[in-house]
Amino acid sequence: MKTLIINILIGLSFFHCFGQTDNEGKYQFAKDVFNSKEYVKGNYDRFSGRIDSIDSNTFRLGEKILKIETGNNELRKLIGIGVFNADEIFGKQTTKKTKAEIDSLSQNQKVFFNLTRNDSLAVCCFESLEKLNPNPQTKRFKFWVMKIGVANPTEYYIELYNDKATKETELDEFIENSKMSFYYKGTLII
């Protein structure tokens, strides 16, 4: 019996050596995105329209409404000062219909409309990808976006660039002086 338990423990530790750790798995897709041909550094302007704070977690950027998870101060600041440019990430045109127009759609049309809808979005799981930052002037993040009528969120990636940042620059100061330099619509989270 003692030999069996020892063999099981050795076997489990052997399999663990070849498995991914949580951090490696968590960063792998993002790492692939930032190392792919899709990654082209740009220089995106801040949102130039009116930004209204509806409440502490909901913002209106022009015709788009973004609701963010409670307590995410970095994302709140990015949206509030326009660095997180919803028009760049989700498209300048706002797909909007009245309730009567939505009610007149067939079930298939409603599904398609909800997949392309960008007038009211929920953003959560905003997370810094510290291990993927190539230098102190660049910070990379991932987040999830939920659309009305769509059960699963979509993962997105953004990169911020601040040419004046150093290793000592605090995140709040970094965000204040940054611009979005890359965004990518990733996969549907199942």
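The values are calculated or read from the model by the stated rules, or taken from the named source; none is laboratory data. Every value quoted in this text rests on a predicted model; they were computed, and no experiment measured them. Using ideal geometry, Cβ is built from the backbone for each residue, glycine included, and neighbour counts are taken over all protein chains shown. Protein only, heavy atoms only, side chains kept; ligands, DNA and RNA dropped before computing areas. Shrake-Rupley method; radii C 1.70, N 1.55, O 1.52, S 1.80 Å.
Below are the figures for this structure:
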{"quantity": "Angle between the chain longest axis and helix 22-34 axis [Cα atoms, degrees, rounded to 10]", "calculated": "50"}
{"quantity": "Accessible area in the full protein assembly, largest first, 1.4 Å probe, for Tyr27, Tyr157, Tyr39", "calculated": "Tyr39, Tyr27, Tyr157"}
{"quantity": "FRET efficiency, Arg46 to Lys67 (Cβ-Cβ, R0 25 Å, nearest 0.05)", "calculated": "0.75"}
{"quantity": "Solvent exposure of the chain as accessible area per residue, Å², 1.4 Å probe", "calculated": "61"}
{"quantity": "Sequence of Ile175, Ile148 from largest to smallest accessible area, 1.4 Å probe", "calculated": "Ile148, Ile175"}
{"quantity": "Sulfur and carbon atoms: percent of accessible area, the chain [1.4 Å]", "calculated": "54"}
{"quantity": "Inter-probe distance in nm under a simple model that places probes 7 Å from Cα toward Cβ, at Tyr39 and Thr98", "calculated": "4.8"}
{"quantity": "Protection proxy ranking, peptides 74-84, 126-136, 95-105, average beta carbon neighbours within 10 Å, highest first", "calculated": "74-84, 126-136, 95-105"}
{"quantity": "Nearest 10 degrees, 0 to 90: helix 2-18 Cα axis against the chain principal axis", "calculated": "40"}
{"quantity": "Ranked by how many other beta carbons lie within 10 Å on average, peptides 29-35, 149-155 from highest", "calculated": "29-35, 149-155"}
{"quantity": "All Cα pairs of the chain, percent lying beyond 29 Å", "calculated": "34"}
{"quantity": "Estimated distance in nm for a label pair at Phe112 and Ile190, the labels positioned 7 Å out from Cα along Cα-to-Cβ", "calculated": "2.3"}
{"quantity": "Förster radius 22 Å - calculated FRET efficiency between Cys125 and Asp55, Cβ distance, rounded to 0.05", "calculated": "0.65"}
{"quantity": "Given charges at beta-carbon only (K, R positive; D, E negative), |dipole| of the chain in Debye", "calculated": "440"}
{"quantity": "Filter on Lys64/Lys164; Lys92/Lys167; Lys131/Lys179; Lys31/Lys110; Lys92/Lys131 - keep pairs with C-alpha separation over 28 Å", "calculated": "Lys64/Lys164; Lys92/Lys167; Lys31/Lys110; Lys92/Lys131"}
{"quantity": "Furthest towards positive pole of dipole, Gly82, Met180, Gln107, structure part the stretch 31-188, Cβ charges", "calculated": "Gln107"}
{"quantity": "Contact order normalised by residue count of the chain, Cα under 8 Å, 6+ apart, percent", "calculated": "20"}
{"quantity": "Rounded to 10°, Cα long-axis angle of helix 107-116 versus longest principal axis of the chain", "calculated": "80"}
{"quantity": "Listed residues Glu176, Glu88, Glu159 arranged by accessible area, highest first, probe 1.4 Å", "calculated": "Glu176, Glu88, Glu159"}
